[in-house]
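Student: Submitted below is the structure of interest, expressed as structure tokens.
Just so it is clear, none of the values below were taken in a lab; they were calculated from the coordinates. Everything numeric in this text was worked out from a predicted model, so none of it was measured. Glycine also receives a Cβ, built like all others from the backbone with ideal geometry; neighbour counts cover every protein chain displayed.
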Amino acid sequence: GRLGDAQVLVEAFGPQAAELFAKVRNVQIIACGTSYHAGMVARYWLEGLTGIPCQVEVASEFRYRKVAVQPDSLFVTISQSGETADTLAALRNAKGAGYLASLAICNVATSSLVRESDLTLLTNAGPEIGVASTKAFTTQLVGLLLLTLALGQVHKRLAPGLEAELVEELRRLPSRLGEVLSMEKAVEKVAELFAEKHHTLFLGRGVQYPVAMEGALKLKEISYIHAEAYPAGELKHGPLALVDSDMPVVTVAPNDELLEKLKSNLQEVRARGGQLIVFAAEQAGLEDGEGTHVVSMPHCHEVLAPIYYTLPLQLLSYYVAVLRGTDVDQPRNLAKSVTV
Ligand code: F1P
């Protein structure tokens, strides 16, 4: 309720946050799996809305790499469990490496990650019933948007009026997400297209590229269908060779400044007989047609679009998994906390 209050927003990250955030000139984000995709979205927000440079890397690589630390860098880890071994190791390696401070965006208050970090933002998603992260992801995105707003505010980098606008949008988020969830029948219908498929491609542009990556990961994790995510503009650099009628191509198309570019990528897919499944803004001007299945999304604010457009992709993997009879909550070869 008090989100709009500048001090409340910054102090949500801990009592020392105001002093530390004022010194931040760079952000380094480290995470694994779904949490890594949340970090990738945050890079677009931080750099796009505040101009603060941001790097994002998977913990399993970062932990073994000799890193040149940017001056005045905030080291941010993201983890549902707070016990992921690679993420913890990365945090431990970062200590003494010259970072300004560490911040954990985490769902478990008693976790090692929270205990060992200077600042914490709890996602309060409640316990995840399934092994594959779902609500952890959307709540991490909200936490990362709050971080963007807090840093933007401290450094006076946000466009006039944007903060109030986004705070209002965040307040409306729960009921708006309810509207997106009510599309589930349409998503269930589209899932039938995947019943006999072995490979899929997920495409996204800009901030929607990590959303496509998350959609592909969910499908892999719970339905065991091979899924690759590509930035839509990279299609022509190789992967187009894979596209034919056996390869469903999933994409998200909010009404943003990259829409026209995305549409031309979708034409490249159709020209090769690829089946398109598009979650599109009503205003995007995309329509159902031969080999093209459009699921219409309610209008949403462009900045929050990654949060909204994740939901139909999560629902899609759920319905595909149910259709194929795989165990949605306990998928094979996946642990809730990867502690080795
Ligand atoms: C990271 C992660 C999850 C994934 C699964 C295995 O976990 O890769 O994204 O869905 O649960 O672990 P965490 O660090 O966010 O707890």
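Student: Given 10 °C and 1.306 mPa s, how large is the Stokes-Einstein diffusion coefficient of segment 203-340 in µm²/s, with Rh as the Kirkwood radius over Cα pairs?
Tutor: The Stokes-Einstein estimate is 102 µm²/s.
Student: Where in segment 189-219 does the amide nitrogen come within less than 17 Å of the point 7 Å from the Cα of Ser264, taken along Cα to Cβ?
Tutor: Zone members listed by number: 204-206.
Student: Further, regarding this structure: Figure the gain on full extension for Val338 and Ala22 (residue separation times 0.36 nm, minus the Cα-Cα span) and round it to one decimal in nm.
Tutor: Net length gain for the segment: 110.3 nm.
Student: Excluding residues fewer than 8 places away in the same chain, name every one of the lysines whose C-alpha is closer than 26 Å to that of Lys261.
Tutor: Filter leaves Lys218, Lys236.
Student: Ranking request for peptides 139-146, 187-194, 326-333, 19-26: highest mean number of other beta-carbon atoms within 10 Å first, then the rest in descending order.
Tutor: Descending mean neighbour count gives 139-146, 187-194, 19-26, 326-333.
Student: For segment 71-138, which trypsin sites (Lys or Arg not before Pro) are both in a DSSP coil and crowded by at most 14 other Cβ atoms within 10 Å?
Tutor: Answer by residue number: Lys95.
Student: List the lysines whose alpha-carbon lies under 26 Å from that of Lys156, not counting same-chain residues fewer than 8 positions away?
Tutor: Lys23
Student: Let a ≥ b ≥ c be the square roots of the eigenvalues of the Cα gyration tensor of segment 29-111; is it rounded (a/c under 1.5), or, if not, prolate (a/b larger than b/c) or oblate?
Tutor: Here segment 29-111 falls in the oblate category.
Student: Moving on. Can you give the relative contact order of the chain as a percent, counting alpha carbon pairs under 8 Å and 6+ residues apart?
Tutor: 18
Student: Using only the Cα atoms of segment 150-233, each taken as one equal point scatterer with no solvent, compute I(q) by the Debye sum, divide by I(0), and report log10 of the ratio at q = 0.16 Å⁻¹.
Tutor: With no solvent term, the Cα-only Debye profile gives -0.86.
Student: Give me the mean projected area, in nm² to one decimal, of the convex hull enclosing the Cα positions of segment 6-158.
Tutor: 7.9
Student: When the Kirkwood radius is taken over all Cα pairs of the chain, what Stokes-Einstein diffusion coefficient follows at 4 °C and 1.567 mPa s, in µm²/s?
Tutor: 63
Student: On to the next question. Note the direction-averaged projected area, equal to a quarter of the hull surface, for the Cα convex hull of segment 128-275, in nm².
Tutor: Value for segment 128-275: 10.7 nm².
Student: Rounded to the nearest 0.05, what FRET efficiency do Glu168 and Gln7 give with R0 = 25 Å and r taken as the Cβ-Cβ distance? Could you check?
Tutor: With a Förster radius of 25 Å, E is 0.85.
Student: Under 14 Å from the Cα of Lys189, which aspartates and glutamates turn up, not counting those fewer than eight places away in the same chain?
Tutor: Here the aspartates and glutamates satisfying the reach criterion relative to Lys189 are Asp288.
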